[in-house]
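Every number in this text was worked out from the coordinates using simple rules, so none of it is lab data. Fair warning: this is a prediction, and the values are worked out from it, not measured in the lab. Don't worry about glycine lacking a Cβ; one is built from the backbone with ideal geometry, like all the others, and counts go over all protein chains shown.
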Amino acid sequence: MVLALKEGPPNLRYPQRKEIHPMTVALVDLRDEIRREEVGAGLSTERPLTRADIDRRRRQIAQVGLVVFFGIVITTLHANVWGDAHNSMIDPNLLRAATITAAGGFIAYVAEKERHLRRLVYLEGEERAVQLAIADKLLEAAAFADASRSVHGSLVLERVLQQTLDRVRDLVSAETASIRLLSADGQLRVAAVHGPSGTPVQLGGVALATRVGLAQEPMLLPGVSGRHDPNQGLVLGAPLMLGDQLLGVIQLGASPDEPFTAVDLEIVAGFTDRVALALNHSRLYEDALVALDTARTPA
């Protein structure tokens, strides 16, 4: 089937950006809540909260609890022994009631502080998890940016194609990779292959490259056989689009033990924008070389 060519501006995407921003907002919200819980727990520290700070606060409350306990014991003994043996000016019943009230108030105080401390333990774990997630995404973004720079590091088509295959395999841990470019007759022809097989991945008798090229959308497919899962797949195909113009298709194959995920699909979809732009630069460069050779050739 012949695929029509269309012109249009490139649409560059950065797949990690929309994930990092909400995580950063969530981290700020977590830290605001941690500060509120610190105030509620009676903690005051200028440095970031640690588990040691929480444990130290619990020990402080336990020490106060011991003091209060012994105070209650002494007060009770005074009410029961000293008050009965001597004509105390304080009514023993009133003293017992005050002791019970003080004990109840302290128990409520401890319960409230412990509630804040438990919440702080949970929030501290959540903060650490979000920080690790942000760090992972920043590393992914760095790898993505490095891969993008690599494909733009040359204007020679063969080198652009090879860099594309090397980098995209690193980004999503693909076992095999191939690129098909749209030829002048409208056919998707193999331009570069990395892996044990250079044949197009087939799905139900229809070449994946043609299917992806016609849809002009990235696809995650189970492969030759297997149950379809929209969030996993052994075959990944993504079109190389320059605006509305189809330049080619990237096909990737995964190990059965490590199938592609929807995240991999999004990463490849964002990377193909850079690849399409690099391919367009390479094409313009080759056209310029041809025009220069033509101009230098005597009539």
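Starting with the highest mean, order 265-271, 211-217 by the number of other Cβ atoms within 10 Å, averaged over the residues of each peptide. Spell out each step's value before the answer.
Values: 265-271: 20.7, 211-217: 17.0.
Ranked by mean Cβ neighbours within 10 Å, highest first: 265-271, 211-217.
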Practice problem: May I ask you to compute the full-extension gain from ASP166 to ALA129, defined as 0.36 nm times their residue separation minus their alpha-carbon distance, rounded to one decimal in nm? | Solution: 10.2 nm
Quiz item: How long is the gain from VAL25 to ALA108 if the chain were fully straight, where each residue apart is worth 0.36 nm and the alpha carbon distance is subtracted?
Solution: 26.4 nm
Practice problem: Please compute the net charge surrounding GLU33, taking Lys and Arg as +1 and Asp and Glu as -1 over other residues with Cβ under 13 Å from its Cβ. | Solution: -3
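Of all the C-alpha pairs in region 234-299, what % are more than 16 Å from each other?
Distances greater than 16 Å cover 59 percent of the Cα pairs.
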Self-check item: Length gained when the stretch ILE74-ALA143 is fully extended (0.36 nm per residue, less Cα-Cα span)
Solution: 18.0 nm
Quiz prompt | Other-chain or far-sequence residues with amide H under 5 Å of GLY243's (modelled H) | solution = ASN11
Quiz prompt | Amide H contacts of GLY248 (H built 1.01 Å from N, under 5 Å, at least 5 apart or other chain) | solution = LEU182, LEU240
Practice problem: Just grab the label-to-label distance for THR294 and ASP185, each label 7 Å out from Cα along the Cβ direction, in nm (one decimal). | Solution: 2.2
